[in-house]
Amino acid sequence: MRLVFYSRTDDPAPWRQALTAALPDLDFRVWPDIGDPAAVDCTLVWKPPPGWHCQFPALRAILSLGAGVDALLEDPDLPAGIPVTRMVDAGMGRQMAEYAAYGVMHFHRRMQEYARLQRERHWQPIEPVMARDFPVGIMGLGVLGRQAADLMVAMGYPVHAWSRSDKSVRGVTAHVGQEALPGFLAAVRVLVNFLPLTAETRGLISATLLARLRPGSYLVNLARGGHVVEADVLAALDSGQLGGAMLDVFEHEPLPADSPLWHHPAVVITPHIAAVTLADDAAAQVIDNLRRLAAGLDLRGLVNRQRGY
Ligand code: NDP
Ligand code: OXD
């Protein structure tokens with residue numbers, strides 16, 4: 001079986017090592033050294049250019065190196081009818097939960113204000129808020145959001161979660177569907193976004209949504225930049241409707257040097273590192289799917305291409 005690896009950010013070496021150790025017959029190719037495109041059975045990819053998959057006439061599966069498959073599914077030339085799989089946790093749940101916890105604590109423990117006070121050499125305690133009085137709102141209670149919710153519950157925060165279908169998670173107040181969104185937003189002090197980027201969720205974090213939060217709430221976005229209307233977030237920060245934002249993902253990555261987000265005093269920026277796919281943790285899923293593909297079995301982590309995640 002021939003597999004082509006494509007990523008501008010992931011090192012193929014550990015993947016080659018892990019996959020060929022488990023599957024000695026695998027012909028592991030790294031783009032652009034692919035040989036005859038007609039001999040390619042499957043791809044292992046992160047953000048290939050639009051139309052890239054059209055060159056493989058005998059393609060049988062597309063395996064995403066990431067959990068989010070929005071960039072792949074937005075390709076109008078992605079071959080129809082080919083199964084697409086995504087990473088399911090694969091070591092990212094723990095990393096995402098850590099990032100979310102850091103973001104929540106950054107705002108809850110007023111680290112933004114203390115950083116400013118330190119710059120001013122001003123010794124000024126701020127009235128503390130207990131975790132029990134700082135409800136956290138998780139948008140998207142899937143594989144990754146669930147782990148963050150569990151961690152927040154363990155940390156003593158009241159946790160609310162919003163998702164499409166009903167979920168029962170210990171210690172978490174569930175809000176289900178579009179009609180439950182206003183109540184969810186009104187209940188929380190910090191909004192943590194774990195949604196997949198789909199036609200339904202693109203641009204969701206807009207002025208309308210932000211206006212439903214309590215004044216001075218906070219935003220942690222570690223899902224996708226496309227969820228956020230950046231100009232609306234900036235306006236909400238400037239008006240005080242948002243007290244601060246921690247942003248890991250952006251509509252345009254890398255974030256352009258002239259973006260006003262870079263130097264906004266209430267914004268923390270990281271370069272899409274909330275979680276990374278590590279071959280050590282994730283190769284087992286790919287190996288399992290390659291064995292399944294060879295045996296003609298259904299693949300695991302299958303994406304619903306119509307739904308968009
Ligand atoms: P899942 O598919 O497991 O979970 C998605 C959740 O979102 C589900 O609970 C789903 O509801 C909910 N959801 C989807 N659409 C809607 C909607 N329209 N309204 C309400 N809820 C909705 O995804 P993962 O948890 O594995 O990943 C989440 C995202 O995290 C990825 O898509 C990716 O964008 C991002 N990510 C970011 C990383 C980073 O480094 N910054 C790293 C890894 C992932 P339901 O359960 O009812 O289907
Ligand atoms: C992913 C990501 O979706 O890293 O896996 O953003």
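Read the figures in this text as sums done on the coordinates, not as results from a lab. Because the structure is predicted, anything quoted here is derived from the model rather than measured. Backbone-built Cβ (ideal geometry, glycine too); neighbour counts: all protein chains shown.
With (1) away from ligand 1 (no atom under 12 Å from the Cβ); (2) more than 15 Å from the chain's Cα centre (by Cα) as the list, and Leu219 as the residue in question, which single condition is left unmet?
(2)
Would you say Ala282 is crowded, with 19+ Cβ neighbours inside 10 Å, within 16 Å of ligand 1 (Cβ to nearest atom) and part of a helix (DSSP H, G or I)?
yes
Could you please find all residues in the stretch 106-126 being under 22 Å from Ala187 (Cβ atoms) and free of Cβ contacts under 8 Å to residues at least 24 places away in the same chain?
Those that are under 22 Å from Ala187 (Cβ atoms) and free of Cβ contacts under 8 Å to residues at least 24 places away in the same chain: Arg109, Arg110.
Cβ-Cβ distance below 6 Å, separation of 6 or more or different chains: which pairs start in the stretch 136-150 with a residue that is under 19 Å from His106 (Cβ atoms) and end on one that is polar (S, T, N, Q)?
Taking only residues 6 or more apart or on different chains, the pairs are Met139/Asn193.
Checking the condition more than 16 Å from ligand 1 (Cβ to nearest atom), at negative phi and among the aliphatic types (A, V, I, L, M), which residue from Leu117, Leu141 passes?
Exactly one of Leu117, Leu141 is more than 16 Å from ligand 1 (Cβ to nearest atom), at negative phi and among the aliphatic types (A, V, I, L, M), namely Leu117.
Filter the stretch 260-279 for residues that are surrounded by 14 or more Cβ atoms within 10 Å (Cβ to Cβ) and in contact with a strand residue (DSSP E or B) (Cβ under 7 Å, 6 or more places away or on another chain); which is farthest from Lys47 (Cα to Cα)?
Ala266
Looking at this structure, is Arg8 over 27 Å from Phe194 (Cα atoms) and either among the basic types (Lys, Arg) or in contact with an Asp or Glu (Cβ under 7 Å, 6 or more places away or on another chain) (or both)?
For Arg8, the condition - over 27 Å from Phe194 (Cα atoms) and either among the basic types (Lys, Arg) or in contact with an Asp or Glu (Cβ under 7 Å, 6 or more places away or on another chain) (or both) - is not met.
Considering only the stretch 247-256, I want to know if a residue exists there that is farther than 21 Å from Tyr99 by Cα, free of Cβ contacts under 8 Å to residues at least 12 places away in the same chain and assigned to a loop (DSSP other than H, G, I, E, B).
yes
What residue, among those in the stretch 58-102 that are closer than 24 Å to His252 by Cα and among the polar types (S, T, N, Q), is nearest to ligand 2 (Cβ to nearest atom)?
Ser64
Can you pull out the strands (runs of 3 or more DSSP E) entirely within the stretch 169-230 that have at least 2 residues that are of a type in the set (Ser, Thr, Tyr) and surrounded by 14 or more Cβ atoms within 10 Å (Cβ to Cβ)?
The qualifying strands (runs of 3 or more DSSP E) are 217-221.
Only one of Ala149, Ala154, Ala174 is out of contact with any Asp or Glu (no Cβ under 8 Å at 6 or more places or on another chain), over 22 Å from Ala245 (Cα atoms) and not polar (S, T, N, Q); which?
It is Ala154.
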